[in-house]
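Written out below as structure tokens is the structure these notes cover.
Rule-based calculations on the coordinates, nothing more; no lab input. In this text the structure is predicted, and so the values were computed from the model without any measurement. Every residue, glycine as well, gets a Cβ built from its backbone with ideal geometry; the counts of neighbours run over all protein chains shown.
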């Protein structure tokens, strides 16, 4: 499928186009935060604490007088970066593990999958919390926790398509002429499982962002004064009755990002599904 055909099929639904434009707009705003943000992420003003949204402060200010809109933009850099990087690394590592398990089969498959079953028996969020609690908070440990907790699911997602490919004649022919295993994997297996893995990764980005924000909300992820959407939620929850904008702003931003990502992910899935016809 060509890139042109992919985008044509993906943009057949108007809601997908709207969400794609919205997500691209969010990405641009976050990337251009140093140019767009009217204030610094940690710029405090004791005389401007808990101000309601206005032209001077579009989303109001928090209890330290920091501009919430500016912190949303800078916080998005952390949330989105961890979401994308975590998903990409998890997909690559999990994909490699799934390919190896399915291709070799037998004892190798049994050993790998039983180990993954142990990890999958623990909910990803709970596993990430345990890892962060053991290693400590911070960006690196949060990223490590997200990656480890996401590998089992990606490995299983890669294993299924490879098992379907094992009986194909072109793989048997490649094996018959003594083609090295790594070449068979790279040339014949990886290209054929790219579509389902891309769909899985696209749909997982929003879950990863939510997981990162959830860890920060619980005090186990990104720590103050670093701006992050989940950390902003937990900082503003004690003022939710008197100054609700401190919670509404990061909450709405997170909701729009996750909603647009999920709908775009559905569009990618539909565009890459060969069973769906025009």
Next item on the list: Report, to the nearest 10°, how far helix 124-135 tilts away from the longest principal axis of the Cα atoms in the chain, using its own Cα long axis and a range of 0 to 90°.
Entry: 70
Note to self: Take residue 96 and residue 32, extend 7 Å from each Cα along the Cα→Cβ direction, and tell me the distance between the two endpoints in nm.
What the structure shows: 3.8
Item checked: Degrees, to the nearest 10: 106-120 long Cα axis against longest axis of the chain -> 20
Check: In degrees from 0 to 90, rounded to the nearest 10, what is the angle of the helix 139-165 Cα long axis to the longest principal axis of the chain?
Finding: 30
Notebook entry, point to check: Taking the alpha-carbon centroid of each part, what is the distance from the stretch 1-60 to the stretch 85-139 in angstrom?
Noted result: 32
Next item on the list: Compare 78, 177, 199 in a GNM of the chain, Cα atoms joined below 10 Å, and give the one with the largest fluctuation.
Entry: 177
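Classify the stretch 33-143 from the C-alpha gyration tensor, please: rounded if a/c falls under 1.5, else prolate or oblate depending on whether a/b exceeds b/c.
prolate
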Margin query: For a quick check: sort 218, 55 by the number of other beta carbons within 10 angstrom, fewest at the front.
Written below: 55, 218
Next item on the list: Given the options 241, 71, 49, state which has the largest fluctuation in a GNM of the chain using a 10 Å cut-off (strictly under) for Cα springs.
Entry: 241
Note to self: Run the numbers for residue 163 and residue 259: contour at 0.36 nm per residue of separation, minus the present Cα-Cα distance, in nm.
What the structure shows: 31.3 nm
Margin query: With the crude spin-label approximation of a point 7 Å out along Cα→Cβ, what separation in nm comes out for residue 104 versus residue 241?
Written below: 6.0
Notebook entry, point to check: Among 161-169, 229-237, how do they line up from the highest to the lowest mean number of other beta-carbon atoms within 10 Å?
Noted result: 229-237, 161-169
